[in-house]
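> Questions regarding the structure given below will be posed in turn.
The values are calculated or read from the model by the stated rules, or taken from the named source; none is laboratory data. Source: prediction; values computed, not measured. Reconstructed Cβ throughout: ideal geometry from the backbone, glycine too, with neighbour counts over all protein chains shown.
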Amino acid sequence: MSFDPTSLTYDEAGLLPCIAQEAETGEVLMLAWMNAAAVARTLETGRVTYWSRSRQAFWVKGETSGHVQELVELRVDCDRDCLLALVRQAGPACHTGRRSCFYTAVRDGDEVEIMAPEV
C-alpha cells in the first residue's frame, strides 16, 4: 500500500507534531511540526524537513548548523495525527547546543538541568 501524506490528520493550521528519536539509542531528541509537504519532502530526500511556525517556511534540520537528521524510518501513530521520525542525528539536535531539547527535568518539584551543551 502506497503512503499518502495527505491521509494524515492535521490540525486547523495544517500541521501535526513529529517527534525525532535517535534510531540507534532510542533517545528522544526533539519535537517539531510538519505539514503534508514537509512529510513528502522528508520521505523524498531522506533529510528531515519540518515546517517552521515562526518563519512560515520549510526548515531542513541542520541546513545551516550542519547538525542534520538523516531519516531511518517514519512511523505514524494510531490516530494518524502524530509522527515519529527515527533518525541518525549529527551533532546536537537542540538549538541550545544540547543533544536533546529535553534537557530539563522536574524532580521533587524543582526544575533541574540534566544535560550541558555539547558545543
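> Do the conditions hold for SER54, that is, is it exposed (fewer than 11 other Cβ atoms within 10 Å of the Cβ) and closer than 17 Å to HIS95 by Cα?
On the way: exposed (fewer than 11 other Cβ atoms within 10 Å of the Cβ): yes; closer than 17 Å to HIS95 by Cα: yes.
Yes: the conditions hold for SER54.
> For the stretch 76-94, what are the residues that are touching a residue at least 24 places away in the same chain (Cβ under 8 Å), out of contact with any Cys (no Cβ under 6 Å at 6 or more places or on another chain) and of a type outside the set (D, E, K, R)?
VAL76, CYS82, LEU84, LEU86, VAL87, GLN89, ALA90, GLY91, PRO92, ALA93
This table checks each residue for (1) touching a Cys at 6+ places or on another chain (Cβ under 8 Å); (2) closer than 17 Å to VAL76 by Cβ; (3) of a type outside the set (Phe, Trp, Tyr); (4) buried (at least 23 other Cβ atoms within 10 Å of the Cβ).
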site: THR6; (1), (2), (3), (4): no, yes, yes, no
site: TYR10; (1), (2), (3), (4): no, yes, no, no
site: LEU31; (1), (2), (3), (4): yes, yes, yes, no
site: ASN35; (1), (2), (3), (4): no, yes, yes, no
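> Considering only the stretch 96-119, how many residues are over 30 Å from ASP4 (Cβ atoms) and either in contact with a Cys (Cβ under 8 Å, 6 or more places away or on another chain) or in contact (Cβ under 8 Å) with a residue 12 or more places away in the chain (or both)?
Taking the stretch 96-119 and keeping what is over 30 Å from ASP4 (Cβ atoms), we get 96-100, 102-119.
So of that shortlist, the ones also either in contact with a Cys (Cβ under 8 Å, 6 or more places away or on another chain) or in contact (Cβ under 8 Å) with a residue 12 or more places away in the chain (or both) come out as 96-100, 102-103, 115-119.
Of the residues in that region, 12 qualify.
> Being under 26 Å from THR104 (Cβ atoms) and not polar (S, T, N, Q) is the requirement here; does TYR10 meet it?
no
> Could you list, in sequence order, all residues of the stretch 75-96 that are surrounded by 16 or more Cβ atoms within 10 Å (Cβ to Cβ) and farther than 26 Å from LEU8 by Cα? Reasoning before the result, please.
Going through the stretch 75-96, the residues surrounded by 16 or more Cβ atoms within 10 Å (Cβ to Cβ) turn out to be 76, 82-87, 89, 92-94.
PRO92, CYS94 - these are the residues of the stretch 75-96 that are surrounded by 16 or more Cβ atoms within 10 Å (Cβ to Cβ) and farther than 26 Å from LEU8 by Cα.
> Go through (1) touching a strand residue (DSSP E or B) at 6+ places or on another chain (Cβ under 9 Å); (2) in contact (Cβ under 8 Å) with a residue 24 or more places away in the chain for VAL60 and report which single condition fails.
It fails just one condition, (2).
> Let me confirm something: among THR25, THR42, THR49, which residue is farther than 20 Å from ASP79 by Cβ, buried (at least 17 other Cβ atoms within 10 Å of the Cβ) and modelled with pLDDT of 95 or more?
THR49 is the lone residue from the list that is farther than 20 Å from ASP79 by Cβ, buried (at least 17 other Cβ atoms within 10 Å of the Cβ) and modelled with pLDDT of 95 or more.
> Quick one: how many residues across the stretch 107-119 are not aliphatic (A, V, I, L, M) and not in a strand (DSSP E or B)?
Applying the first criterion (not aliphatic (A, V, I, L, M)) to the stretch 107-119 yields 107-111, 113, 117-118.
Okay, now just the ones that are also not in a strand (DSSP E or B), so 108-109, 117-118.
Result for the stretch 107-119: 4.
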